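These notes are about the structure you will find just below.
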Amino acid sequence: MNKFDLKNKVAIVTGGAQGFGLDIAKRFLKSGAKVIIWDNDEVEIKKFTKNIKNKNLSKQIVDVSDPENVDDTVKKITKTQKIDILINNAGVTGSTAELWKYDYEEWKRIIDINLNGTFNCCKAIVPHMIKNNYGRIVNIASVSGKDGNAKASAYSSSKAGVIALTKSLGKELANKNIAVNAVTPAGAKTRILNQMSKEHVKRMLSKVPRARFLKLNELSSMVCWLSSDENSFSTAAVFDISGGRSTY
């Protein structure tokens, strides 16, 4: 496993108590970063911080879909420390159904967390990064945001929005030492798969040429590089990690 130097860096990982976020947080800690976990699942966040004892780890209960909650939390953090890295990982898949049968409130919930949540966090934190002339932002999108998944129009639309947001924000910040990139993973064996039907999961896996699920450490490695000083040029870009499913 390659090691990236994240010493003296402060990273916020949203949805960091489980799945992708948990593995990214662990990788950051091993790389020397100070990690602040944001999650709104109190049970999972307590379990995570109980099992991992590290002086560089802290937790905060944050609902990324609530802009006031995000703003207030950022203001408290930046009173005493900087924010160098933001990983927008918090997300939900929601239920699976044809678009014309999709529940409006369910649609709104998915967009609010996946897309609006990413917007809320970037809006609150980017001014701080601009002031410090440094930042690395990685948005966890999905291959479904590029290809679209049948019976997952809300999730696919939210992740397509995250990709477009990444491209726009990356270009807006291109004249500063702030990199904004997205990754588009294929499915991995995380708790988020439990929100989908077995038929939907089977269909997802059948599209992957490597014929297996993504491993958490494979995604974390890519995110760690994108969050490091070694990524000094790539911005407003989308990095595919779909096992060959998507080739653009």
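The values are calculated or read from the model by the stated rules, or taken from the named source; none is laboratory data. A quick note: this is a predicted structure, and the numbers were derived from the prediction, not measured. No Cβ is skipped: glycine too gets one built from the backbone with ideal geometry, and neighbour counts run over all protein chains shown.
Annotations
- The listed residue being modelled with pLDDT of 95 or more and of a type in the set (A, V, I, L, M), out of L216, L193, L169: L169
- Considering A154, A174, the condition of being assigned to a loop (DSSP other than H, G, I, E, B) and at pLDDT 95 or above is satisfied by A174 alone.
- Residue count, the stretch 211-242 (criterion: assigned to a loop (DSSP other than H, G, I, E, B), closer than 15 Å to T184 by Cα and within 14 Å of the chain's Cα centre (by Cα)): 0
- I130 β-branched (V, I, T) and within 16 Å of V162 (Cα to Cα): no
- Applying the set (1) crowded, with 23+ Cβ neighbours inside 10 Å; (2) touching a Leu at 6+ places or on another chain (Cβ under 9 Å); (3) in a helix (DSSP H, G or I) to A11 leaves exactly one unmet item: (3).
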